[in-house]
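I have placed the structure first, in the form of structure tokens, so that the comments after it can refer back to it.
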Amino acid sequence: MPLPRDSRCQHVKPDGSRCRAPRVRGSPYCVFHDPGFADQGAEARRRGGLNRAEQLRLAVLPEDTPDLPLKTVGDIIEAVEATFNMVRRGQLDARIGNCLAVLCQVQLKAIEGSDLEQRIAALEGRQNARIAR
Ligand SMILES: [Zn+2]
């Protein structure tokens, strides 16, 4: 059902047609064209924008934070412990913590694979030495 003409916004668009949105109670204009609502809308958008920007500002460590070694399983255990506690204290964003956890898993697999290769090479070396005798 169309709104009665007098309940519509009084704003006239640049093309000369009237705005078709319903009026705000006590105002001749709609929420888009009432000056009071326009200010509120701008303020809400500004606040919303800041909040969104604040959300995106991740908790990170300072740039001069020293690198952690990740050469051994022990190194990785220490790095995971340190990261765990930094996320708990809010010094490091949980999304970064998740990323580091995944990278630690990759590194751990690589170390395990490398260890296995070395053990196989050692076994093959011993086998070849026995055959040569
Ligand atoms: Zn309007």
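Amide H contacts under 5 Å for HIS11: CYS19, CYS30, restricted to partners 5 or more places along the chain or on a different chain, H placed in the peptide plane at 1.01 Å from N. Here segment 73-132 is treated as an ellipsoid with the same Cα gyration tensor; its semi-axes, largest first and in whole Å, are 39, 9, 4. Maximal additional length on extending the ALA101-ARG20 stretch stands at 23.7 nm, based on 0.36 nm per residue less the C-alpha distance. Please give the Cα centre distance for segment 62-83 versus segment 10-33, rounded to the nearest Å. So the separation of the two Cα centres works out to 61 Å.
A short reminder: the numbers here are calculations on the coordinates, not readings from a lab. Quick caveat, the model's predicted, so the values are computed rather than measured.
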